[in-house]
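To start, the structure under review is shown below, and the notes come after it.
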Amino acid sequence: MKLKNRHFLRDKDIKKLEEELKDILGENFYMPARIESGFMKDAVQLYLMNGVPFFVRMVDLLIPTLKAIMNKAAKLPKVTVDMGAVGFITNGADIMVPGIVKVDDKVDKYTLVMVTDEKHDKPLAIGLALMDAETIKNSKKGPAIKNLHHVGDDIWNFE
């Protein structure tokens, strides 16, 4: 997949991006000196570090990618799911309460979270929490996390 309008960001644009990430992630991210930017289909903007997508802007939401998490360039609260949910999540399904086996206490409603599997503790998806940690623990059914980016999607497969 090709990016439209691919270019390196200027220093002032990098500073703006850094400030926005601080608002979203606190100090839980790494910002290199050179960042490329470009647009995928549907006006999804990718921010690349050494050619690898590390952050993505969907509509007005800026999120770290799974590759940023795996390279320790960003850190998010973690939600762990059972192995039965893995196939659904990697096909883009939202994360439902019955599939969740463990929730980080730092998970708040409408915050970004990382979803991992219980067997290997590997990142599967980045999502938006629809409930806080306590509500997830006390619920029996319903959607808990909106899947925004997952293993196997266009962002993951970007080369």
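Every number here is computed from the coordinates shown, using simple stated rules; none is lab data. A quick note: this is a predicted structure, and the numbers were derived from the prediction, not measured. Here the Cβ is made from the backbone with ideal geometry for all residues, glycine too, and neighbour counts use every protein chain on show.
Annotations
- Filter on 12/72; 67/137; 75/122; 16/75; 2/146 - keep pairs with C-alpha separation over 22 Å: 12/72; 67/137; 2/146
- Degrees, to the nearest 10: 11-25 long Cα axis against longest axis of the chain: 10
- Annotation: amide H-H contacts under 5 Å for residue 116 (H modelled 1.01 Å from N, sequence separation of 5 or more, or interchain): 79, 80, 81, 124.
- Between the range 37-58 and the range 114-159, the Cα center-to-center distance that results, in Å: 20
- Close amide H partners of residue 148, meaning residues 5 or more places away or on another chain with modelled amide H under 5 Å apart, are 126, 127, 128.
- Considering helices alone, the calculated mean residue ellipticity of the chain at 222 nm is -5500 deg cm²/dmol, with DSSP H runs of length four and up weighted by -39500 (n - 2.57) and normalised per residue.
- Pairs of alpha carbons in the range 28-116 separated by more than 22 Å make up 35% of all such pairs.
- Filtered chymotrypsin sites (Phe, Trp or Tyr not before Pro), the range 21-110: DSSP coil and at most 10 other beta carbons within 10 Å: 110
- Charge tally in the Cβ shell below 13 Å around residue 13, where Lys, Arg are +1 and Asp, Glu are -1, residue 13 excluded: +1
- From largest to smallest, the equivalent ellipsoid semi-axes obtained for the range 78-159 from the alpha-carbon gyration tensor read 20, 13, 11 Å.
- Distance between the modelled labels on residue 88 and residue 122, one decimal in nanometres: 2.0 nm (7 Å Cα→Cβ projection).
- Mean projected area of the convex hull spanned by the Cα atoms of the range 4-70, taken over all viewing directions: 4.3 nm².
- For the range 7-104, the relative contact order comes to 19 percent (Cα pairs under 8 Å, sequence separation of at least 6).
- Summarising the overall dimensions of the chain from its C-alpha atoms, the Rg and Dmax are 15.6, 48 angstrom.
- Summary: within the chain, the longest segment free of trypsin sites (Lys or Arg not before Pro) located in DSSP loops with at most 13 other C-beta atoms within 10 Å is 35-71.
- Label zone at residue 59, where the point sits 7 Å out along the Cα-to-Cβ direction: the range 112-150 residues whose backbone N lies under 15 Å: 112, 127-130, 146-149
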